[in-house]
Each structure stands twice: as C-alpha cells, then as structure tokens.
Amino acid sequence: MANFQYIALNAKGEQTTGVVQANSDAEAAQLLRGQGLYPTQVVEEGKGKLAGSTGKKKAKKGKGGKSKLGGKVKPKILMIFTRQLATLIDSGLPLLRGLNVLSKQEPNPNLKATINNLADSVQGGSTFSESLGQHPRIFNKLFVNMVKAGELGGVLEVVLTRLAEYQEKAHKLKGKIVSAMVYPLIVMFIAVAIMSFLMLFIVPKFRAMFQDMEGGQLPLISRVVFGFSDWMLARSFVLPNSVWILVAGVLTWLGFAAWTRTKKGRVIVDSIKLKVPIFGDIQRKSAIARFTRTLGTLVTSGVPILQALNITRDTAGNVIVSNAIDKVHNAVKEGESIVAPMTSSGIFPNLVTSMVDVGEETGQLPEMLLKIADVYDDEVD
C-alpha cells in the first residue's frame, strides 16, 4: 500500500489535509468518503505535490466580479458534462482528476476553457461551488446551490446525478413544449403561403380559361374564389410593396420583443400566456412541472426551503408564477404553511395544493413535489 496526501472538505465545508494509506487514488478517495470527507485532491507521495491547500490562490478568481471566461453553453452540452462528472466521482475519482479527464475530451471550446478554469480554481483551494459561482452565464443559482449542498453533505456525486436527471427532464419538457407550439404556426404559415400562391398565380389562369368558355353563370364558390383572387391582384401592396410589408413586420416584432423585456410588458405577456386557450394550459402545466421539480430537487439535496424558494422563483420562467412563488416564500418566512399562499395565488390547481398539503403533513414534501412534477410532465406529453 502507498501513502496518499489529500485535500478534502469536512461536513461543515471546511478544508482539511492529511495522509491516507491505499492501493490507488480511487481507493483513497473511497476511504475518505467513508470517513465523512469529500476529497478534492488525492496525490501519491513522491509522485506529485498538492496545490495550495491554504486557499492563497483564491486570488486567481479576481478581486471584484465574475469571470467572463467561456461564454454560454447549450443546456444539452451542460447536461452531458454534469452526467459524466457525476459518473466519474461516483466511480471513486477525486474531483480535480475528474475535471481534468473531462477537460481533455470536451469538444466544446467554451466549456473546455471553463472546465480548465474550474480545475485551476479547485487546485488553488476554492470549493467546487465557489468555482462554479464564478461562471454565472453557464452555471445558474440552482446548479451552484445544489453543488454547495452536496459538498456540505458529502454527497456531491448524488447531487450531480440529481442535477443531471433534472436537466434531462427539463430539456425534454422544453422540447415538447416548443414542438407543441411551433407546429401549428408552421402549418398556418405554409397554408397561407400556398393559398397566396394559388390566388396570385394559379387561379388567374383558370379564370382566363373559363372566360373563353361559353355557358351560363359560374357557381357561387367559383365566383367567390375568382373574386378574392382579383382583390389580391388589384392591391398594389401584394407584389411590389411586399418587401416593405416584410420590413415593417420585422420592425414591429423587434419593438414588441423589446417591450416584453420591460417589467410591465413581461407581466402582461406572461399573464396572456397563461390564459390563451390550449397554449395557456400547456404553459401553466409546464410552469407547475418546473416549479415542483426544481423545489423538490433542491430540498431533497439539502438546500434550506427558503433558499430553495428563492432559487425556484428566479428560475420560474414566468413573472406571474414568480410572483406567486414570492408570496409562498414570504408566508413560509413568517412561519406559515406553504399550502395557503399557493391556493390563494390562483396559479396552482387543487390537485397540486392537495398533494403538497399531504406532503407537508406526512413530512414527505420533497417526494410529493417530484411526484407532482412527473404528473404534469405526463400531462404535457
């Protein structure tokens, strides 16, 4: 057996160092976990040195502000990274070695640079959650706080697995919502395009054919079609000014998009989203699924309920739902039940509030929240 030097975090999140005997670094990491420690570095004596265990290199993060390294990363790529890191840590690899392994095989340049920066930060003495917090464009509050809870509880691999599952389900749900909403719009656009083409180019040729034929008056439906075709051809905006119409449409859309980014605009638009027939029902159910899955995942991972509600509010994706969650947060802060503000908000159906009520009474709120999320995911399907 060889001696392995290590840097690890204890149950309080404090950094500790020492030496452990094992046959490999993976076995050493497993032994440390058995002692309630979470290893960030494990190095065999004589084959390397531990990086700054005192945290002096934390200055690499910069004195004031977030790191701009890396840029944004697509959710699917981040999901794969999370799943791979969870698998490596669960197999016994120390965090730093796991990051180095993923960095070597990562094809995305933004994420590769970010992983290298994370490894440098961890090697310099920072906790993993602190390192993640320096990249808010990639790792949101949900990600950072769940990792922090996993570090404190010594179950980082479990939390990363839950995060990966959460990301997978959220990505799948988002794809289904987009498909459900975009498909009718595409069909409508194609239908209008085909009808316009027929009215402008095909129907006039048929009209010329009928004019050359002798006989009585054409049927009513034929006269209506020919009349509509004549009306479109007679309008100067149909062909010569169509470009200006397109430009005006684009400018209108850009103006509308800018307005929806204002506080008042977001409230109005998000309120309409929840009330529109068919689409509104999909939006509401997806918002409930996101809320319950996020809150359930956070609480299950050890994040305090008030902090979990704050994170859930910031990631709700709809201002109306965010305001409802904020009221729930304030009520819980005052020592009240989570059910009453949920019921009064008008956002959550009786099924949701009833299941949450049962979860509170039985002490199984996180499990009940995840069950609600599964129910509404299935309904959106």
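Structure above, values below:
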item: Verdict on Gly359 being in a loop (DSSP other than H, G, I, E, B) and either at pLDDT 90 or above or at positive phi (or both); result: no
item: Flag for Val101 being of a type outside the set (Phe, Trp, Tyr), surrounded by fewer than 23 Cβ atoms within 10 Å (Cβ to Cβ), in contact with a helix residue (DSSP H, G or I) (Cβ under 9 Å, 6 or more places away or on another chain) and part of a helix (DSSP H, G or I); result: yes
item: Residue list for region 278-297, filter: touching a Ser or Thr at 6+ places or on another chain (Cβ under 7 Å) and not aromatic (Phe, Trp, Tyr); result: Thr294, Leu295
item: Criterion violated by Asn108 - all others in (1) over 21 Å from the mean Cα position of the chain (by Cα); (2) surrounded by fewer than 19 Cβ atoms within 10 Å (Cβ to Cβ); (3) farther than 28 Å from Pro304 by Cα satisfied; result: (1)
item: The listed residue being charged (D, E, K, R) and touching a residue at least 12 places away in the same chain (Cβ under 8 Å), out of Asp374, Asp326, Asp378; result: Asp326
item: Odd one out for Thr127, checked against (1) β-branched (Val, Ile, Thr); (2) farther than 19 Å from Gln15 by Cβ; (3) buried (at least 19 other Cβ atoms within 10 Å of the Cβ); result: (2)
item: Some residue of region 167-179 being crowded, with 20+ Cβ neighbours inside 10 Å and at pLDDT 85 or above; result: yes
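To keep it simple, each residue is scored yes or no on (1) crowded, with 17+ Cβ neighbours inside 10 Å; (2) β-branched (Val, Ile, Thr); (3) in contact with a Cys (Cβ under 6 Å, 6 or more places away or on another chain).
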| residue | (1), (2), (3) |
| --- | --- |
| Arg284 | yes, no, no |
| Thr300 | yes, yes, no |
| Ile311 | yes, yes, no |
| Ser322 | yes, no, no |
| Ser337 | no, no, no |
| Pro341 | yes, no, no |
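One line per residue, one yes/no per condition, for (1) part of a helix (DSSP H, G or I); (2) at positive phi; (3) not charged (D, E, K, R):
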site: Lys264; (1), (2), (3): yes, no, no
site: Ser271; (1), (2), (3): yes, no, yes
site: Gly280; (1), (2), (3): yes, no, yes
site: Lys285; (1), (2), (3): yes, no, no
site: Phe291; (1), (2), (3): yes, no, yes
site: Thr294; (1), (2), (3): yes, no, yes
site: Val299; (1), (2), (3): yes, no, yes
site: Val303; (1), (2), (3): no, no, yes
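The values are calculated or read from the model by the stated rules, or taken from the named source; none is laboratory data. Given the structure is predicted, the values throughout are model-derived calculations rather than measurements. Note that we place each Cβ from the backbone using ideal geometry, even for glycine, and neighbour counts take in every protein chain shown.
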